[in-house]
1. When only Cα pairs under 8 Å and 6 or more residues apart are kept, what is the percent relative contact order across segment 229-438?
2. Given that just one value was derived from the coordinates, which of (i) 34, 27, 23; (ii) 36, 27, 19; (iii) 59, 26, 20 is semi-axes √(5λ) of the Cα gyration tensor in Å?
3. Relative contact order for segment 95-212 using alpha-carbon pairs under 8 Å, separation at least 6, rounded to a whole percent?
4. Please report Rg over Rh for segment 51-164, where both radii come from the alpha carbon positions and Rh follows the Kirkwood definition.
5. Distance from the Cα centre of segment 133-149 to that of segment 243-311, in angstrom?
6. How much length, in nm to one decimal, is gained on full extension between residue 7 and residue 180, taken as 0.36 nm per residue of separation minus their Cα-Cα distance?
7. Among 134-141, 41-48, 266-273, 251-258, what's the highest-first ranking by average C-beta atoms within 10 angstrom per residue?
8. Can you give the direction-averaged projected area of the convex hull of the alpha-carbon atoms in segment 95-212, in nm²?
């Protein structure tokens, strides 16, 4: 080792492989100084020795898995070259690049919302680690530091729609936010394992799994996001305001009349989905994960028809002309939620006035429950529909699952044998709409 001393007074550390009294050396990324060596030039630094032992164990694992009993047919030099080859296989995997390909695949298969969610996580990961990230560096320690990064106030740079860089500040993520980001990282890591490792050959390229040690934080308990029927009627009866506010009101009510259709499906639904007075479509969120393609058929009631005519596509390409107003479903959803925020302010002002006018303390307290949280989004229509259906109309949970196009895992086998009866949705929806118009009569 004496003759290997570099100009900076450091010595490179290599692992010696010996077979039939012949040696070959496998270079490592470690270097030592004289203080870390004894007089026989043996490493005495305990921390470094521990790291080297782990590396030696990895090499032994590569040899056993890859060569097995055939190791005697190889020379020491051949074994070193074999180890280098196997190490290079995993060292060539760029986790960032793999994640980008995974996102692109999700977009191609129509899972736009999921793709955008992971893309947001990927952007944060790039902010933290840079444009390239060797998968071997994605360890439990790395994830711990990434979590610390997510929980801190961050300054980020993004390119806007005009190609200009925009600098903004991001608030620290909550437990729910951290959970969602880490769940995305775990999902992509699992995809990488499925892609690169061959379980049948028993020679995995990716040998480590950081989520054995790193525990993903549990999300905060979900808040109830339903809106009381009394408030839904107030939303319905709001007079036309700003264009965005009017759009939000109409989309919210249209979703309510169509049993919780979300904005993505409303934006993308083709004109051909309307037939015989029904809207039959596949729910984009789950269609690629279900054998029935998440198909649902909703009877178009007169209340829905009036709004559908208002937003009808004259070219009959899609069911609604929304795609002519907004570039994509995400932009459309953002506009709806911005308008909906203003709607909530008006509804809450009305509730606050009622609280002020109430005589008794009990009445004031009772009215307070009708104040809608500021962070409520238009998507809450699904939560609202389900809550009202169960608590006020006594509709069974099974039928609510059917109405909202959910799969009940506990009864999944029964669904194989039972044909869907969409008239059950029609009956429930008609009762729901009738109840809405009865309030205050």
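1. Over segment 229-438, the number comes to 26 percent.
2. It is the one labelled (iii).
3. Computed value for segment 95-212: 24 percent relative contact order.
4. Using Cα coordinates only, the ratio equals 1.13.
5. 42 Å
6. 57.4 nm
7. The most tightly packed comes first, giving 251-258, 266-273, 134-141, 41-48.
8. 8.4 nm²
Bear in mind these aren't lab numbers, they're just calculated from the coordinates by the rules spelled out. Note that the coordinates shown come from a computational prediction; the quantities given were computed from them, not determined experimentally. A quick note on method: Cβ atoms are made from the backbone with ideal geometry, for glycine too, and the neighbour counts reach across all protein chains shown.
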